[in-house]
1. What is the calculated FRET efficiency for Thr48 to His115, with r their C-beta to C-beta distance and R₀ = 25 Å, to the nearest 0.05?
2. Quick one: which of Lys92/Lys114; Lys135/Lys174; Lys35/Lys130 span more than 18 angstrom between C-alpha atoms?
3. Given axes a ≥ b ≥ c from the Cα gyration tensor, I'd like to know whether region 183-276 is rounded (a/c under 1.5), prolate (a/b larger than b/c) or oblate.
4. Whole number in Å², please: accessible area per residue of region 135-276, 1.4 Å probe, ligands, DNA and RNA not counted.
5. Calculate what fraction, in whole %, of the accessible area of region 105-149 sits on carbon and sulfur atoms when a 1.4 Å probe is rolled over the protein chains.
6. Restricting to Cα pairs below 8 Å that are 6+ residues apart, what does the relative contact order work out to for the chain? Please round to a whole percent.
7. Take every DSSP beta bridge with both residues inside the chain and express the antiparallel ones as a percent of the total, to the nearest 5.
8. Under 15 Å from the Cβ of Val19, count the other residues' Cβ atoms, weight Lys and Arg +1, Asp and Glu -1, and hand me the total.
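The values are calculated or read from the model by the stated rules, or taken from the named source; none is laboratory data. Treat the numbers as computed from the prediction; the structure is a model and nothing was measured. For neighbour counting, all protein chains shown are included, and Cβ atoms are generated from backbone atoms with ideal geometry for every residue, glycine included. Ligands, DNA and RNA are excluded from the accessible area calculation, which covers all protein heavy atoms including side chains. Shrake-Rupley method; radii C 1.70, N 1.55, O 1.52, S 1.80 Å.
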Amino acid sequence: MQSKKGDRANAGKRSHSVVFAGAGNVATHLSLAMKEAGFSIIQVFSRTKKSARTLADQLNCPYTASIEEISKNADIYLFSVKDDALPGLIRKIPANKGLWIHTAGSIPMEIFEKHAERYGVIYPMQTLSKTRKTKFYKAPLFIEGNTPASEKEIRQIAGTVSGNVYVMTSEKRKYLHLAAVFACNFSNYMYGIATQLLEEQNIDRHVLQPLIDETANKLHTMSPDRAQTGPAIRQDHAVMKQHLALLKDPEMREIYELISTNIYKKSCQTNNIPLS
């Protein structure tokens, strides 16, 4: 279910108090968006004082690096920490009447089950960096609540900071997160390899930008299968052999061979062509 535009229009009327547990990329962008929407961010917690203070300074609110000092009277507790740190953090925070929400893509909302009565998820499917401003209101937010009332409240919260809010179960969200890793994190790693190859030859990495932009833009109107080009899908063995000879790093060679093989296999499957 997508959010209504009215949610953002009424954002300034809300003044819920919020504690942010975490001060990383997601916490930074989400907390700033919520502050702009009219929420009262009353505290930032992070396990390091430096990161807590950095975000708290932007929000003009108190901070702490001590779990014992986390406020016990907030309306909303937003957990935006590393996945493996979340279970331990939750166990150490005393139960209260607040609405507990985490922002992880791969963790089910039931992680809160024995620790809070009202809980859920707001997962922003977007690549976020502290040092780069982004139009957060365009980011798709995938939400879930443990009861219809919790879900309604979470949908209203999410709708104040984004015009793209969708209800999704924890099970489906795991696959969404996996797909996002392939589409974003892995592709960015490939950009890194490409940049390294160019820099080793004193070629400006920005010459790739038009190619990267057009590759992404094609997917607005074409499926990835139809958009695929290159020597692997053509089975241009002479070119691929030359590329492999240029790659001195055995790990890069392995990546090149594995992906090229799978591009060809996928093409054959899509077009019902026997593998040669």
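1. That gives a FRET efficiency of 0.60.
2. Lys135/Lys174
3. Because a/c hits 1.5 or more and a/b fails to exceed b/c, region 183-276 counts as oblate.
4. 67
5. With neighbouring chains kept in place, the figure for region 105-149 is 51 percent.
6. Relative contact order of the chain: 14 percent.
7. Around 20 percent antiparallel, to the nearest 5.
8. Neighbour charge sum, excluding Val19 itself: +3.
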